[in-house]
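Here is the structure we will look at.
The values are calculated or read from the model by the stated rules, or taken from the named source; none is laboratory data. The model shown is predicted, which means the values in this text are computed figures rather than measured ones. So basically every Cβ, Gly included, is an ideal-geometry build from the backbone, and we count neighbours across all protein chains shown.
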Amino acid sequence: MTDKSTLVKYQQIVWYFCLAYFLLASVLLAMKNSSGYFLSHLGVKIVLAATISQLVVMSHEFRKTGNRKFAALSLILLLVIVASSAIGSILL
Amino acid sequence: MGLGGGVIMVPYMTIFLGMDIKDAVPVSMIAIVVGTLSSSTPYLKKSMVDTEQVVIISLFMVIGSVIGSLVSSVISSAVLQIIFSLVTVYAGVMMLVKKGSEKPPIHKDHGARYYVLAGGISLVVGVFAALVGLGGGIFIIPILYLLFGKSIDEARGTSSLTIGFAAAAAAIVYFFNGQLDPTAAAPVILGVAAGGTVGGHLGTGARPIVVKIIFLVIMLYIAYKLGMEGFKNL
């Protein structure tokens, strides 16, 4: 993958979001506001979803440069993470 | 450093914040996910990340860590911890003394063999990282540097993105089993998101010899912790 601009942009957007979002959640938690729990709970889900989506972005970047093998492998990695999480959740 | 930060976060949360280790590990996992998102960006911008290698290593490491978690109940971790303590010291010293001109044992020119070896090694790293209870960064960086001939900067950059995916897989399991406390995680994520970017920028500009020395110190610390734990569990 030679062009990583979309991936960089995506990571920067997620980073700005995390910073603002978890700052708000931490302030609300410090003030013992009940929304703090809801926001932090939702925030964890958003972070995990953003990481999974990162693989879709990586796959897109690979496809853009004609690297179909790694575009497919990125999506397989996505499936492996979801499947292994499901296996882990069932066995724990 | 491209290590993720679990090595620092977990002791900090248990010793200074009084958290139980069972609560601290899931929080550190989700923090590592956010940390890698922020710290790998400067490495990506400076083309210090081999994204193909990220995909291969992550793919097999995640599978390996599931295998490691499944066999952890039947394998004694004490002996493994002692063995890894010694391997860590060896790898740390080798990283310091290795010359840049040496030909790497595993190279992309080797074709299919390269992918088989990269996948196999990543699988083993995933299994052992899960068995000794460490993130993969401490193993991936020496492997990329010593076996795959990456520069120390490329090894750190590639590792910084890789460990996020392995940590995400673990964090999902902890979260859906109710072992991850989001209220404890929120301030940690905030700190790691801010610190990760600063670390990433400092890391991309650091001199290789300084990085190698810092890395050796961290590896010796981990070797000591692993070794002591191993002897305690014998």
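Only one of the listed residues (B:185, B:155, B:171, B:194) is within 17 Å of the chain's Cα centre (by Cα) and within 9 Å of chain A (Cβ to nearest Cβ). That residue is B:171. Within the range A:6-16, does at least one residue satisfy the condition of being within 7 Å of chain B (Cβ to nearest Cβ), of a type in the set (A, V, I, L, M) and in contact with a Lys or Arg (Cβ under 9 Å, 6 or more places away or on another chain)? Scanning the range A:6-16 turns up at least one residue that is within 7 Å of chain B (Cβ to nearest Cβ), of a type in the set (A, V, I, L, M) and in contact with a Lys or Arg (Cβ under 9 Å, 6 or more places away or on another chain).
Do we find that residue B:101 is at pLDDT 80 or above and surrounded by fewer than 16 Cβ atoms within 10 Å (Cβ to Cβ) in this structure? No; evaluated as a whole, the condition is false for this residue.
Flag: residue A:57 does not match the condition of being in a helix (DSSP H, G or I), at the interface with chain B (Cβ under 9 Å from one of its Cβ atoms) and surrounded by 14 or more Cβ atoms within 10 Å (Cβ to Cβ). Among the residues here, residue B:31 does not qualify as more than 14 Å from chain A (Cβ to nearest Cβ), closer than 27 Å to residue B:217 by Cβ, hydrophobic (A, V, I, L, M, F, W, C) and in contact (Cβ under 8 Å) with a residue 40 or more places away in the chain. The residue that is nearest to residue B:35 (Cα to Cα), counting only those in the range A:22-54 that are surrounded by fewer than 19 Cβ atoms within 10 Å (Cβ to Cβ) and hydroxyl-bearing (Ser, Thr, Tyr), is A:53. For residue A:43, which of the numbered conditions (1) in a helix (DSSP H, G or I); (2) more than 9 Å from every other protein chain (Cβ to nearest Cβ) fails to hold? Going through (1) in a helix (DSSP H, G or I); (2) more than 9 Å from every other protein chain (Cβ to nearest Cβ) one by one, residue A:43 breaks only (2). Within the range B:123-174, the set of residues being among the polar types (S, T, N, Q) and crowded, with 24+ Cβ neighbours inside 10 Å comprises B:158, B:159, B:160, B:162.
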